[in-house]
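Peer 1: First, the structure itself, so that you have it in front of you.
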Amino acid sequence: MGNDQKSNAQQSVKSVVLKPTGQPLRCPKCGSTDIAEIVYDPPAMTEELLAQIQAKRAVVRVGAQKKHPPRYYCNYCGYEW
Ligand SMILES: [Zn+2]
């Protein structure tokens, strides 16, 4: 029987946010790796995004933004950069 159920829908929630180099991102202020990525005006609230938010790996911002909005948010000290 061709039982090709693709039910291993593993949520790919990152335990830490990684730099493009593959190293964990650190807060420039406190050095914590408990960092969330700031997502601006997401087109849709996907399951993946929701999982990231619940895991504190993403923060959603909507509405008007500054000219150069920060990309990352430190869950430990609240610093944004
Ligand atoms: Zn910090």
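We did not get these values from a lab; they are worked out from the coordinates using the rules stated. Keep in mind the model is a prediction, meaning the values are calculated, not measured. Virtual Cβ from ideal backbone geometry, glycine too; neighbours counted across all protein chains shown.
Peer 1: How big is the shadow of the Cα convex hull of the chain, averaged over all directions, in nm²?
Peer 2: Computed as one quarter of the Cα hull surface, the answer is 7.4 nm².
Peer 1: Under a Cβ-Cβ cut-off of 13 Å, what is the net charge of the residues other than Arg26 that fall near it, where Lys and Arg count +1 and Asp and Glu count -1?
Peer 2: After counting each charged neighbour, the total is +1.
Peer 1: Amide H to amide H under 5 Å from Leu25: which residues, 5+ apart in sequence or cross-chain, H placed 1.01 Å off N in plane?
Peer 2: Sorted by chain and number, the residues that satisfy this are Val17, Leu18, Lys19.
Peer 1: Residues with amide H under 5 Å of Arg71's amide H, sequence separation 5 or more or different chain, H placed in the peptide plane at 1.01 Å from N; which?
Peer 2: Trp81
Peer 1: Additional query: For the pair Lys67/Lys19, report the inter-label distance in nm, with labels modelled 7 Å from Cα in the Cβ direction.
Peer 2: Computed distance between label sites Lys67 and Lys19 equals 2.7 nm.
Peer 1: According to a simple spin-label model (label point 7 Å from Cα along Cα-to-Cβ), what is the distance in nm between Ala55 and Tyr79?
Peer 2: 2.4 nm
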